[in-house]
Amino acid sequence: MKQSKEEVLSLNEAAEFLKVSKSSIYKKTSQKQIPYYKPPGCKKIYFLKKDLEDWIFCNKINSVTEIGNQIESYLIKSQKALNYEN
């Protein structure tokens, strides 16, 4: 699968993009925490900028307001379900 239209980043570029050290990137790749590519027979690793962006935003922590809205929505649905059963 050819990825020519997507921006490919080197280790240095990925570290700069994520604003972390190269050792932090190496640690995350060795622990399989971050997506990367390593061509066969090559010592260098590469990253797709899109993969890194997706990784950054994959574990959103909701604000107190968002959690409150989710609870309210759940309670409304639960109440409707209880009313439907009766």
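Any read-out appearing in this document is the output of simple, stated calculations on the displayed coordinates, not a laboratory observation. Everything numeric here is computed off the predicted structure, so don't read it as measured data. Cβ coordinates were reconstructed from backbone atoms using ideal geometry, including for glycine residues, and neighbour counts include every protein chain displayed.
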Hey, can you tell me all the residues within region 28-67 that are closer than 30 Å to Lys5 by Cα, part of a helix (DSSP H, G or I) and among the β-branched types (Val, Ile, Thr)? Thr29, Ile56
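Could you list, in sequence order, all residues of region 1-24 that are exposed (fewer than 12 other Cβ atoms within 10 Å of the Cβ) and over 21 Å from Cys58 (Cα atoms)?
Narrowing region 1-24 to residues exposed (fewer than 12 other Cβ atoms within 10 Å of the Cβ): 1-2, 4-6, 12, 19, 21, 23.
Within region 1-24, Met1, Lys2, Ser4, Lys5, Asn12, Ser23 meet the criteria.
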Candidate set: region 25-41, residues that are loosely packed, with under 13 Cβ neighbours inside 10 Å and not charged (D, E, K, R); chosen: the one nearest to Asn59 (Cα to Cα): Gln33
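Take the residues of region 42-77 that are surrounded by 10 or more Cβ atoms within 10 Å (Cβ to Cβ) and among the aliphatic types (A, V, I, L, M): which is farthest from Ile25 (Cα to Cα)? Lay out the reasoning, then the answer.
Of all residues in region 42-77, those surrounded by 10 or more Cβ atoms within 10 Å (Cβ to Cβ) come to 45-56, 62, 66-77.
Now drop any that are not among the aliphatic types (A, V, I, L, M), which leaves 45, 48, 52, 56, 67, 71, 75-76.
On the way: Ile45: 10, Leu48: 14, Leu52: 11, Ile56: 13, Ile67: 32, Ile71: 37, Leu75: 42, Ile76: 44 Å.
Here the answer is Ile76.
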Can you find a residue that is within 20 Å of Asn12 (Cβ to Cβ), outside any loop (DSSP other than H, G, I, E, B) and either free of Cβ contacts under 8 Å to residues at least 60 places away in the same chain or in contact with a His (Cβ under 7 Å, 6 or more places away or on another chain) (or both) anywhere in region 68-79? no
